[in-house]
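Each remark here refers to the structure printed beneath this line.
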Amino acid sequence: MPDVTLDVCGEVCPLPVMKTNEALTKMKSGETLEVIVDYPPSKENVRRLATSKGHEIVNIAEQEEIVRLLIRKS
């Protein structure tokens with residue numbers, strides 16, 4: 001179970017990235033954030049943001065157009 005879930009389905013970049021960054025800044029180290037996207041470029045953009053900030057991508061699960069990224073805050 002993630003500590004925080006962020007559903008940004010229906011939103012296009014840069015909003016998913018901005019909201020992911022905002023959520024991560026409010027979290028404690030070691031907590032997990034699940035980001036749910038349905039806009040194809042958001043998957044890569046959110047992943048890139050997380051890794052560039054030193055966070056760990058724990059899992060990426062895709063089911064049709066829905067992608068769930070699980071990120072552990074560093």
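Kindly provide the helix-only [θ] at 222 nm of the chain, computed as the sum of -39,500 (n - 2.57) over DSSP H runs of four or more divided by all residues, to the nearest 500 deg cm²/dmol? Write down the numbers at each step before the final one.
Numbers: 2 runs with 25 residues, N = 74.
The per-residue figure over the chain is -10500 deg cm²/dmol.
May I ask which residue of T25, P14, A61 lies farthest towards the positive end of the charge dipole of the chain, with charges of +1 (Lys, Arg) and -1 (Asp, Glu) on Cβ and the Cα centre as origin?
So the residue furthest toward the plus end is T25.
For E62 and C13, calculate 0.36 nm times their separation in residues minus their Cα-Cα distance, and state this gained length in nm to one decimal. Walk me through the numbers before you get to the answer.
Details: separation 49, 0.36 × 49 = 17.64 nm, distance 1.84 nm.
Between E62 and C13, full extension yields an extra 15.8 nm.
How tilted is helix 40-52 with respect to the longest principal axis of the chain? Cα atoms for both, answer in degrees (0 to 90, nearest 10).
20
Run the quick spin-label model on T51 and S74: label points 7 Å from Cα toward the beta carbon, then report their separation in nm to one decimal.
Label at T51, label at S74, 1.2 nm between them.
On C-alpha positions alone, give me the angle between the axis of helix 15-26 and the longest principal axis of the chain, in degrees, nearest 10.
Tilt of helix 15-26: around 20 degrees.
Let me have the relative contact order for region 4-61, percent, based on Cα pairs under 8 Å that are six or more residues apart.
Working: 53 pairs, mean separation 24.4, N = 58.
Reported relative contact order: 42 percent.
Please arrange R48, R68 by counting, for each residue, the other beta carbons lying within 10 Å of its beta carbon, fewest first. The partial results should precede the final answer.
Values: R48 11, R68 17.
Starting with the residue having the fewest Cβ neighbours, the order is R48, R68.
If you place +1 on the Cβ of every Lys and Arg and -1 on the Cβ of every Asp and Glu, how big does the dipole about the Cα centre of region 4-61 come out, in debye to the nearest 20? Write down the numbers at each step before the final one.
Working: 7 positive and 8 negative charges, 45 e Å.
Roughly 220 debye for region 4-61.
A short reminder: the numbers here are calculations on the coordinates, not readings from a lab. None of the values given here were measured: they were computed from a predicted structure. Ideal geometry is used to build each Cβ from the backbone, glycine not excepted, and the neighbour counts take in all protein chains shown.
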